[in-house]
């Protein structure tokens, strides 16, 4: 079914939103799927201090990375690549594909090799200073383990300035071949579409010989919705050393769209579109095992959604809900719509499923904004979500909860933090990484690194910060620092992962805390 696109009206709203938020698909990209600049140059000239290097050995191996954000010239930016860290502070064998799209200085995709240095401190916070990248020359890092970390762009020495967030994951080079990408996958892409913000979710089959078939997808482009339509395409590996490949997908638009991708392993692939517009990106994940029935969705879930509302203004939503395994779900949702905060409980609502792994439901019935959604379960316990009602452009993921019932004691230890969204007072993007310690009794300590549209705050210590958590995983976190304070509604996935929705009236942000 095709709903007519809203054309120039929505396009003007998106331009306004880009100017207000600094990032067209900011919250779309952030809806935590666990989950930059024109011109080449040398190391950043920013006044950014390297970490001590005490934990440099933690970053050792070959990693795939991706990030997305915006530039000071109102350009949407998204990138993916691969780098090798030697455990001693050096980055080699590195390549990046970065796409600049939309109004301003949109210039398409650039590909380049780069080198760099890095330092990781005792609290697992660190930096990377890069040479030769057509994009962000300084990364601020927080590392959860030798296989995963969170990052923000921390560079202001280039024009235009980029504000962005992303992550990196240890690659498995044994999967860098066409034949290793075989089986059923789900995807969740977001970014800039033809008529404004765009998001798409779906599933497909890769045959191990370069063909993509048996696909279905939902697309929301500026409020114009395509529901449960067929998808096909092709893919190939271009580098057996970095895991870089190319893909072409048919069905989304009149003409095929093109992507570059980087393989993390046979279950996770980072995709970035290489067209000037549309320009969408995201992750491809191994699909949950079938056959699919109502029982595929069962138990508790924590979810984060984000994007733009019907007026083109930023909206974020967080929820905990329970699926009973026989066709109904219910829960509690919080919403931040351009600084207007709401909380509501939504009653039992039906969900339906298809044999291909597509589920549909309405989330947030009775809330100021209800979302009619399509959902695709992945093997990693996430459910990839996109709204298909045409009233907003929102996507995200729900994550199966593990380790409940929850309480303050289920958040205990050292965590990496990433928050990303819109600072409404400046009308620009804000990105944060940090290292946070939860003491298991309601108190928080740690350090934040903040990029507020190019205004950098490195090493902002937390003080008088606290948290609560209910038995369903819903709670609150208050991060107080000498740079800024952040009031978060929280949604615990497990003792290792907490999702966030900022409920300050001056921001619309979402994020994640990973142990």
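The values are calculated or read from the model by the stated rules, or taken from the named source; none is laboratory data. Note that the structure is a prediction, hence the values are computed from the model and not measured. Every residue, glycine as well, gets a Cβ built from its backbone with ideal geometry; the counts of neighbours run over all protein chains shown.
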* Asked: For residue 496, which of the numbered conditions (1) surrounded by fewer than 17 Cβ atoms within 10 Å (Cβ to Cβ); (2) closer than 23 Å to residue 426 by Cα; (3) under 20 Å from the mean Cα position of the chain (by Cα) fails to hold?
  -> (2)
* **Condition check for residue 458: buried (at least 17 other Cβ atoms within 10 Å of the Cβ) and modelled with pLDDT under 95** => yes
* Residue satisfying condition, being assigned by TED's automatic domain parsing to the domain that holds residue 500, closer than 27 Å to residue 361 by Cα and part of a strand (DSSP E or B), within set 396, 421, 413 -> 421
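List the strands (runs of 3 or more DSSP E) inside the stretch 149-243, counting only whole elements, that have at least 2 residues being farther than 30 Å from residue 131 by Cα, modelled with pLDDT of 95 or more and touching a strand residue (DSSP E or B) at 6+ places or on another chain (Cβ under 8 Å).
Working: elements: 162-170, 182-192, 197-207, 211-221, 224-237.
Strands (runs of 3 or more DSSP E) meeting the threshold: 182-192, 197-207, 211-221, 224-237.
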* Structure fact -> Flagged in the stretch 434-455 as touching a strand residue (DSSP E or B) at 6+ places or on another chain (Cβ under 8 Å), in a loop (DSSP other than H, G, I, E, B) and at pLDDT 95 or above, in numbering order, are 440, 442
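Residue by residue, here is whether (1) in a strand (DSSP E or B); (2) over 24 Å from the mean Cα position of the chain (by Cα); (3) modelled with pLDDT of 95 or more holds:
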site: 310; (1), (2), (3): no, no, no
site: 335; (1), (2), (3): yes, no, yes
site: 344; (1), (2), (3): yes, yes, no
site: 349; (1), (2), (3): yes, yes, no
site: 368; (1), (2), (3): no, yes, no
* Every residue from the stretch 312-333 that is within 21 Å of the chain's Cα centre (by Cα) and either under 23 Å from residue 428 (Cα atoms) or not in a strand (DSSP E or B) (or both) -> 312, 313, 314, 315, 316, 317, 318
* Asked: What's the number of the condition residue 266 fails, among (1) in contact with a helix residue (DSSP H, G or I) (Cβ under 8 Å, 6 or more places away or on another chain); (2) crowded, with 24+ Cβ neighbours inside 10 Å; (3) closer than 25 Å to residue 170 by Cβ?
  -> (2)
* Structure fact -> Restricting the stretch 178-235 to residues that are on the phi > 0 side of the Ramachandran plot and touching a helix residue (DSSP H, G or I) at 6+ places or on another chain (Cβ under 6 Å), the one surrounded by the most Cβ atoms within 10 Å (Cβ to Cβ) turns out to be 196
* Asked: Can you tell me which of 305, 363, 329 is crowded, with 21+ Cβ neighbours inside 10 Å and touching a helix residue (DSSP H, G or I) at 6+ places or on another chain (Cβ under 9 Å)?
  -> 305
* Consider residue 379 carefully, then state whether it is surrounded by fewer than 17 Cβ atoms within 10 Å (Cβ to Cβ), within 22 Å of residue 167 (Cα to Cα) and under 23 Å from the mean Cα position of the chain (by Cα). => yes
* Would you mention how many residues in the stretch 108-147 are within 20 Å of residue 97 (Cα to Cα) and outside any loop (DSSP other than H, G, I, E, B)? => 18
* Does any residue of the stretch 335-349 turn out to be more than 18 Å from residue 184 (Cβ to Cβ), touching a strand residue (DSSP E or B) at 6+ places or on another chain (Cβ under 6 Å) and buried (at least 22 other Cβ atoms within 10 Å of the Cβ)? -> yes
* Asked: How about the stretch 462-514: which of its residues are in contact with a helix residue (DSSP H, G or I) (Cβ under 6 Å, 6 or more places away or on another chain) and either outside any strand (DSSP E or B) or at pLDDT below 95 (or both)?
  -> 495
